[in-house]
Structure formats: structure tokens, C-alpha cells
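Heads up: the structure comes next, in C-alpha cells.
The values are calculated or read from the model by the stated rules, or taken from the named source; none is laboratory data. Every value quoted in this text rests on a predicted model; they were computed, and no experiment measured them. Glycine gets a Cβ as well: all are built from the backbone with ideal geometry, and neighbour counts include every protein chain shown.
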Amino acid sequence: MKKILGVIPSRYESSRLPGKPLRDICGKPMVWWVYQVALKVPGLTEAIVATDDERVVSACNELNIPTIMTSKQWINGTERVAEVASRIDAGLYVTMQGDEPLLEPLVVQKVIDIMLNDKQVKCATLKTAFHSPVDVVNGTTPKVVCDANDDIMLFSRAPIPYPKASLNYIYYKAIGVYAFRPEALALYRSLPPGFIERIEDIELLRLLENGVKIRIAEVASDTIAIDTEKDLNRVRDYLMQNNK
């Protein structure tokens, strides 16, 4: 197996939280926290931050975090990772979203294990159960449903499935950790954004809309994706309370 490259897409111009990768969390920028997680993932050969902004590069250089500059034209992190794959050779590419500083290293390892255990899987990701009804109805958090083989059927920002016949259902949120084989990223880069992808603004829908199966595994994780100022404060409070 060639190397397994961890890629942390970090876009400075976030519409909901400008300057997101460099927002301070307990004295360090957000991207630093994610990179520290990457360093502890057993299966990663190395990790790199992929960004389109010199401010992120400069901050990473000061913290000895390797970076790669990518095009400003990309509309999501997977497009950015696809560019990285076209420039850096690896057997697997593992995306760790730059806005999830509470990711656990062994959770990230789980998505690598999916790919190593089944060479037919081209893309994989993770899910975890919701514990708060407020989070279930929060449109910033994608929900996911899968089939009997643990392949994804659909992502949506709406609470799915709709509980018409029964309330006996656990809702799952998608975690921002993805693993790709090179050919999956090459395909992704060649495809235009899909119809549902554009509506929901969920990047992996592009593969689903084009018939590519995505394997998913359940993990226990309390990660918080930072999309708003409120999310940022929740993460700060968590880290301070846990003496991180």
C-alpha cells in the first residue's frame, strides 16, 4: 500500500464564520487542533493542510504545520482534496474537516480501516448517533441514512427518515471524516455539482448522484462541527472544562 495521506481542507472565506481556520481556541488556531488529531491517527503516513489563503499558510508555517496551496475556484473541501490527489501520490486520501477540532484519532482510524478491509470500497465515511433533539432539527448538521449493507442511501440537512409510522428510530449525523481512493477523487473532480448536492450543499452527494457507493460505519463520537459562533463557543467551553 502506498502512503495514506491525511488532508485538512481549510478555507478562510467561510460564509457563516469568516476566518474560521484561524479562529482562536484556547490560545491556538482551529486548524492547529485538527492537525494535532491527525498526528495521533495510527494509520496516517503524514498529514497536510490544503488551503487557498496565504494567511492560513503563514499561521501554519509559524506552527510547523505542512501546507499546500490550492486553487480558489473550489466550492468544497472534496474538490480541494481532489487537487491535492492530482499533485501528491498516495494510496488513500483521508479528509479531516478543518472545523472539527474535537475529532478523536481512533475515530479517524475507523474510516481508514473500512478502506483497508475492503478494497472494493472507493469512498467511506462515518456516522454517530444524535443525542439532542435540537441538533436533529439543526439544518447546519447533515443527517444520513444507509442500507442493509452499510452503504449510504442519502444525506440531508432535514431530519430523515420522517417518523410517520414509528418513533422508534435513532437519527445519525454524518461526521466530517472521509476516505477516498485516487480514482474516486479523479471522478469527483471530473463531475459537475449534482442537482441534490446544490440544493442540500452536501459535497458527498455528488458521488451518490452518480452511482458511486459510499460505505459508512457507526462510531461513538462527541465531535462538534464548527459552523457558527455558537458552535465555536461550545468547543471552547468543552476544551476548557476538560483541561485540553
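Can you find, within segment 156-171, the residue that is nearest to residue 128 (Cα to Cα) among those that are in contact with a helix residue (DSSP H, G or I) (Cβ under 9 Å, 6 or more places away or on another chain) and touching a residue at least 24 places away in the same chain (Cβ under 8 Å)?
171
Could you list all residues from segment 194-211 that are surrounded by 17 or more Cβ atoms within 10 Å (Cβ to Cβ) and either at pLDDT below 95 or not acidic (Asp, Glu) (or both)?
194, 202, 204, 205, 206, 207, 208
Look through segment 70-103, keep the residues that are assigned to a loop (DSSP other than H, G, I, E, B) and in contact with a Gly (Cβ under 6 Å, 6 or more places away or on another chain), and return whichever of them is surrounded by the most Cβ atoms within 10 Å (Cβ to Cβ).
100
Return the only residue of 47, 38 being within 15 Å of the chain's Cα centre (by Cα), of a type in the set (A, V, I, L, M) and within 23 Å of residue 236 (Cβ to Cβ).
38
Among the residues of segment 162-180, is any in a helix (DSSP H, G or I) and either within 25 Å of residue 120 (Cα to Cα) or polar (S, T, N, Q) (or both)?
The answer is no, given that none of the residues of segment 162-180 is in a helix (DSSP H, G or I) and either within 25 Å of residue 120 (Cα to Cα) or polar (S, T, N, Q) (or both).
Checking the conditions here, which among 125, 140 is at pLDDT below 90 and of a type in the set (Val, Ile, Thr)?
140
So is residue 110 touching a Phe, Trp or Tyr at 6+ places or on another chain (Cβ under 7 Å) and not hydroxyl-bearing (Ser, Thr, Tyr) or not?
No: the conditions fail for residue 110.
Taking the residues in segment 4-45 that are out of contact with any Asp or Glu (no Cβ under 7 Å at 6 or more places or on another chain) and charged (D, E, K, R) as candidates, determine which candidate is nearest to residue 117 (Cα to Cα).
40
Return the only residue of 37, 57, 31 being in contact (Cβ under 8 Å) with a residue 40 or more places away in the chain, of a type in the set (Val, Ile, Thr) and farther than 14 Å from residue 105 by Cα.
31
Being surrounded by 18 or more Cβ atoms within 10 Å (Cβ to Cβ), in contact with a Pro (Cβ under 9 Å, 6 or more places away or on another chain), touching a residue at least 60 places away in the same chain (Cβ under 8 Å) and more than 17 Å from residue 131 (Cα to Cα): is that true of residue 152 here?
Criteria not met by residue 152.
Taking the condition of being in contact with a helix residue (DSSP H, G or I) (Cβ under 8 Å, 6 or more places away or on another chain) and of a type in the set (Val, Ile, Thr), how many residues in segment 141-152 meet it?
The qualifying residues number 2.
Of everything in segment 1-31, what is surrounded by fewer than 20 Cβ atoms within 10 Å (Cβ to Cβ), out of contact with any helix residue (DSSP H, G or I) (no Cβ under 7 Å at 6 or more places or on another chain) and either of a type outside the set (Asp, Glu) or part of a loop (DSSP other than H, G, I, E, B) (or both)? Give them in sequence order.
Listed by number, the residues that qualify are 1, 2, 3, 13, 15, 16, 18, 19, 27, 28.
For residue 138, state whether it is loosely packed, with under 13 Cβ neighbours inside 10 Å and not hydrophobic (A, V, I, L, M, F, W, C).
In short, no.
Given the conditions (1) out of contact with any Ser or Thr (no Cβ under 9 Å at 6 or more places or on another chain); (2) modelled with pLDDT under 95; (3) of a type outside the set (Gly, Ala, Ser), which single one is not true for residue 191?
(2)
Would you check if residue 184 is in a loop (DSSP other than H, G, I, E, B) and out of contact with any His (no Cβ under 6 Å at 6 or more places or on another chain)?
The answer is no for residue 184.
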